[in-house]
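Some notes on the structure that comes next.
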Amino acid sequence: MSAIKRLRPASHLALVEGARGFRLVVTAGRGETFGVALEETYGESGGTITSHVSSATPIQTGRVVDALFVAVRKAGHQPSVLGFNRKVPIRIGEAEGVRLALVILTTQPIAKHERVRALVAGINAMSVEETYYWYSKCLGPDANWLPVAELGIESRRERAAANAIPPLNSLHVWWARRPLVASAAVVLASMLPAWSEDLAASFPEAPELRTEGAYRGWLLRLVGILGDPIRGRRLIDAANAVGTKLEGNGYGYKQAYRNPVPRADVDRLHAVLKRTWGDLPTVADPTAGGGSIPLAASRLGLPVIANDLNGVAASVLKAGVEIPAKRGLELLPDIKRWGDVLVKRIETRLKGFFPRGEGERVTAYIWANAVPCPRTGRLVPLMTNKWLRKAPGKEAAVRIVTVIDGVELMEPRFEVDFGTNVKRSDADAGTIARGKGVSPYDNLVIDGDYIKSAAENGLMSQVLYAVAVRNANGERSFRSPTESDLDAILAASSKLEEVEDDWTSRGIIPTEEIPEGLKTGELIRYGISTWRDSFTSRQFLAHGTFGDEFSRLIPEVRNELGSRADDVLFELALMQGKALNYNSRMSFWHTPRQVVGNTFDKHNFAFKWTFAEFDGASALYQWCLDQLISAYGGVARLLDETGGAELGGRDRLE
């Protein structure tokens, strides 16, 4: 039995029958502090065979105490069982133990509380299957060389700066993006053999294979980690603690995913894999999601087979991995050229519906949903607050006007106040909170059930209350809606009525009802029962115009580009996905950032009381094209650079 105890936990499964679980052993610290040791157990009694998994010092225990509380609660214990004087181990279930093990293992090198919390939140968001997978990699037979802590830090770095996220992430919205650095590690850990003297002897000319330590360093290099991220993270935390700024980024190298793998390393990797498997193994990912694993494998020159049951994921996979891997940067000029043609045609058709003042450029039209007041019948805009901008010294807010020259208005007007003219108490006070409204006409409550009933019966409308603009010198500002704005909205509605039947018959616009479900119930409760209802008439006109012009563009592109045509068209089609996400009744005005926020900002179909609209003629599709060019170019560049250090970056690794 003593020999069995020295085996790694993965080996127990084949040797012991009975329940698998975990237990926490409390270790006393100074005063009333304590640390914990997590052990894996096998046997019905829970103590037949144990294997140490990991330990947390009292300091680390304090950082992850919430995760400890969750684990013991799920095991049926009260959090109070955790104490410095606890002598008896605490039994916890297998699934909870696996998740807790990941928390303890991955947070060990991290000192900053908010970073620990973010990492724990990421682990909590994993499915059970994902936690088991990573746990097996952490404590499986090859655990002595998989750099879990380094990968954890680099995975956080990958999303730390909004302007430096992987380009695949910005190609199209997807809800479960996996870090590229971790994905590359998954691929390599699944295929590379454990280091051995036989492996080293097979490649006597390879210094990276001579020792186990060199082999681990090589793995880090293969995933783009070109320094010591643990030391870098500690330096950054120490500098932040005393309020000093480090020179450079603190790590001494770029984010891992941005570092191309030298061709010599790729060739060596292929040689090792062929020695191990007889030929290059194929990476199979049948649930590829956003495409992180296929992209990481493709960058290493490995054959990949990938797909997904979700049509959006499959489309992202094709546009974000397959086409860039096949066509590379050579397709980019065609995407740009035909994208420019498409954008200009859309602008020509729509510019009359989006008027602008002299020298101004519209950033966003800001709207509120509205219902009739149940007592007066006058229109009530439903606004959670009236702020447009809160930056000190640059404040801007709307003021609801209900009376002009003594005449009570059936529909309110809006004025924009700036700076010291903004009354903060009025700007903070909205007309809707927790589903209940307040009428600006009599200051009485409007019941939430009445608002839902009005929406379900077609009585909810939308009212434009502000326009965000950049003036001639580029300064951001706001203005009230003008008569030209309001006339253009009516004109857009009339135009949509004129073309809607034709577009419907040609399949340009959707006609489906929104299916009832957990994620869609909120929309349906507020009268959005079809996908068409997700947009104002002018938004829908803009999206339909794209579909119409895109359908007209298809034969032109195919006639001129031949075999490249469908790949170009596939990439251009993604512009519509971006446009729909950022131009609907669920997109919103992001007051802190002063931009339009996207529909899936919170990964759901949450109903928005107020929302933002892009300039559908001049801004929306040009921005979508710019985003597409940047994302496609970024992905293609990552693929083209693989092995390009010695090739001058000119030749793609095939």
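The values are calculated or read from the model by the stated rules, or taken from the named source; none is laboratory data. Because the structure is predicted, anything quoted here is derived from the model rather than measured. Because the Cβ atoms are built from the backbone with ideal geometry, glycine has one as well, and the counts that use them run over all protein chains shown. Note: accessible area is taken over every heavy atom of the protein model, side chains too, but ligands, DNA and RNA are not part of it. Shrake-Rupley method; radii C 1.70, N 1.55, O 1.52, S 1.80 Å.
Across segment 501-513, the qualifying residues are those that are without any contact (Cβ under 8 Å) to a residue 24 or more places away in the chain and not in a strand (DSSP E or B), and the one among them that is farthest from D548 (Cα to Cα) is E512. Taking (1) under 18 Å from V371 (Cα atoms); (2) open to solvent by less than 30 Å² (accessible area, probe 1.4 Å) in turn, V469 satisfies each apart from (1). Restricted to segment 426-439, and to residues there that are within 10 Å of L382 (Cα to Cα) and open to solvent by less than 40 Å² (accessible area, probe 1.4 Å), the residue that is modelled with the lowest pLDDT is G435. Please count how many residues of segment 575-585 are open to solvent by less than 30 Å² (accessible area, probe 1.4 Å) and hydroxyl-bearing (S, T, Y). Here the count works out to 1.
If we scan segment 185-202, do we find a residue that is touching a Lys or Arg at 6+ places or on another chain (Cβ under 7 Å), hydrophobic (A, V, I, L, M, F, W, C) and over 29 Å from E130 (Cα atoms)? The answer is yes, given that some residue of segment 185-202 is touching a Lys or Arg at 6+ places or on another chain (Cβ under 7 Å), hydrophobic (A, V, I, L, M, F, W, C) and over 29 Å from E130 (Cα atoms).
Of the residues making up segment 264-281, those that are surrounded by 14 or more Cβ atoms within 10 Å (Cβ to Cβ) and either in a loop (DSSP other than H, G, I, E, B) or at pLDDT below 90 (or both) are L280, P281.
Within segment 231-260, being of a type in the set (A, V, I, L, M, F, W, C) and closer than 21 Å to A182 by Cα holds for one residue alone: A256. For segment 427-447, a tally of residues being in a loop (DSSP other than H, G, I, E, B) and either among the small types (G, A, S) or out of contact with any Leu (no Cβ under 8 Å at 6 or more places or on another chain) (or both) returns 11. Of all residues being in contact (Cβ under 8 Å) with a residue 24 or more places away in the chain and of a type in the set (V, I, T) in segment 331-348, which is farthest from G616 (Cα to Cα)? Just the residue, please. Among residues in segment 331-348 that are in contact (Cβ under 8 Å) with a residue 24 or more places away in the chain and of a type in the set (V, I, T), the one farthest from G616 (Cα to Cα) is I335. Within segment 519-532, residues that are at negative phi and part of a loop (DSSP other than H, G, I, E, B) sit with their Cβ atoms under 7 Å from residues that are of a type in the set (K, R) and open to solvent by 50 Å² or more (accessible area, probe 1.4 Å), at 6+ positions apart or across chains, in these pairs: Y526/K452. Evaluate segment 448-455: report whether one residue or more is open to solvent by 60 Å² or more (accessible area, probe 1.4 Å), of a type outside the set (F, W, Y), assigned to a loop (DSSP other than H, G, I, E, B) and at pLDDT below 95. There is no residue in segment 448-455 that is open to solvent by 60 Å² or more (accessible area, probe 1.4 Å), of a type outside the set (F, W, Y), assigned to a loop (DSSP other than H, G, I, E, B) and at pLDDT below 95.
Yes/no matrix, rows are residues, columns are (1) small (G, A, S); (2) open to solvent by 40 Å² or more (accessible area, probe 1.4 Å):
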{"position": "L541", "(1), (2)": "no, no"}
{"position": "N559", "(1), (2)": "no, yes"}
{"position": "R564", "(1), (2)": "no, yes"}
{"position": "S587", "(1), (2)": "yes, no"}
{"position": "K602", "(1), (2)": "no, yes"}
{"position": "F611", "(1), (2)": "no, no"}
{"position": "W623", "(1), (2)": "no, yes"}
{"position": "S630", "(1), (2)": "yes, yes"}
{"position": "R637", "(1), (2)": "no, yes"}
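Among residues of segment 211-242 being closer than 17 Å to R115 by Cβ and small (G, A, S), the one that is surrounded by the fewest Cβ atoms within 10 Å (Cβ to Cβ) is A241. When W175, W195 are checked against the criterion of being buried (at least 20 other Cβ atoms within 10 Å of the Cβ) and either touching a residue at least 12 places away in the same chain (Cβ under 8 Å) or under 30 Å from S630 (Cα atoms) (or both), W195 stands alone in meeting it. Checked against (1) among the polar types (S, T, N, Q); (2) farther than 20 Å from V26 by Cα; (3) modelled with pLDDT of 85 or more, S127 passes all but condition (3).
In segment 290-314, the residues that are within 17 Å of H172 (Cβ to Cβ) and among the acidic types (D, E) reach residues that are modelled with pLDDT of 90 or more and surrounded by fewer than 20 Cβ atoms within 10 Å (Cβ to Cβ) with C-beta atoms within less than 6 angstrom, at least six apart or across chains, in these pairs: D308/A314. Within the set E96, E114, the sole residue that is of a type in the set (D, E), modelled with pLDDT under 85 and assigned to a helix (DSSP H, G or I) turns out to be E114. Filtering F605, F570, F600 for residues that are assigned to a helix (DSSP H, G or I) and not small (G, A, S) leaves a single hit, F570. Residue count for segment 87-127, restricted to those that are more than 21 Å from D237 (Cα to Cα), polar (S, T, N, Q) and in contact (Cβ under 8 Å) with a residue 12 or more places away in the chain: 1. Considering (1) small (G, A, S); (2) open to solvent by less than 30 Å² (accessible area, probe 1.4 Å); (3) more than 30 Å from F600 (Cα to Cα), the lone condition that A182 does not fulfil carries the number (3). Only one entry of R538, R552, R558 meets the criterion of being part of a helix (DSSP H, G or I), under 27 Å from R356 (Cα atoms) and at pLDDT 95 or above, and that entry is R538. Every listed requirement among (1) modelled with pLDDT of 90 or more; (2) more than 33 Å from the chain's Cα centre (by Cα) is met by A28 save one, (1).
Annotation: of all residues in segment 198-210 being among the small types (G, A, S) and over 28 Å from E641 (Cβ atoms), the one that is least open to solvent (accessible area, probe 1.4 Å) is A200. Of the residues that make up segment 485-497, is at least one buried (at least 16 other Cβ atoms within 10 Å of the Cβ), within 30 Å of the chain's Cα centre (by Cα) and part of a helix (DSSP H, G or I)? The answer is no, given that none of the residues of segment 485-497 is buried (at least 16 other Cβ atoms within 10 Å of the Cβ), within 30 Å of the chain's Cα centre (by Cα) and part of a helix (DSSP H, G or I).
Could you go through segment 161-172 and let me know if any residue there is part of a loop (DSSP other than H, G, I, E, B), open to solvent by 40 Å² or more (accessible area, probe 1.4 Å) and at pLDDT 80 or above. Checked against the condition, which is being part of a loop (DSSP other than H, G, I, E, B), open to solvent by 40 Å² or more (accessible area, probe 1.4 Å) and at pLDDT 80 or above, segment 161-172 yields at least one hit. Test G252 against the stated conditions and say whether it is more than 30 Å from T276 (Cα to Cα), open to solvent by 30 Å² or more (accessible area, probe 1.4 Å) and touching a residue at least 24 places away in the same chain (Cβ under 8 Å). Criteria met by G252. Among the residues of segment 459-499, which ones are among the charged types (D, E, K, R), farther than 30 Å from G430 by Cα and touching a residue at least 12 places away in the same chain (Cβ under 8 Å)? Result: K495, single match.
Here's the yes/no breakdown for (1) modelled with pLDDT of 95 or more; (2) surrounded by fewer than 18 Cβ atoms within 10 Å (Cβ to Cβ); (3) under 18 Å from the mean Cα position of the chain (by Cα):
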{"position": "D567", "(1), (2), (3)": "yes, no, no"}
{"position": "A573", "(1), (2), (3)": "yes, yes, no"}
{"position": "P592", "(1), (2), (3)": "no, yes, no"}
{"position": "G597", "(1), (2), (3)": "no, no, yes"}
{"position": "A606", "(1), (2), (3)": "no, yes, yes"}
